[in-house]
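The values are calculated or read from the model by the stated rules, or taken from the named source; none is laboratory data. Computed from a prediction, not measured in an experiment: that's the story for all the values here. Accessible surface areas use protein heavy atoms only, side chains included; no ligands, DNA or RNA. Shrake-Rupley method; radii C 1.70, N 1.55, O 1.52, S 1.80 Å.
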Amino acid sequence: MEDFVTRQLTQACDDGDLAPGLDPRTEAVTLLATAAGLGIAVLAGQRTPSQATTILYGQLARLFSKVEEGPQK
């Protein structure tokens, strides 16, 4: 999965969609670790699904300037 996400982020970088100065591999690891940690936090009752979604969208907004901080309604 790490390789897949890295490839996607590398392509986004090549297309000019990734924020400048970011390393695709590092960001892939960060996204995957964040998603896994948030899943555990939801299961443990530390976060609501809505909180987890907001946090994940925040990370995506940091990577991609075209992503809003929250799901589209």
Discussion item. Nearest 10 degrees is fine. How inclined is helix 24-43 to the longest principal axis of the chain, computing both from alpha carbons?
Written reply: 10
Worksheet item: Most mobile of Leu43, Leu18, Leu31 per a Gaussian network model of the chain (Cα springs, under 10 Å)?
Response: Leu43
Fill in: Accessible carbon and sulfur surface of the chain relative to its total accessible area, %, 1.4 Å
56
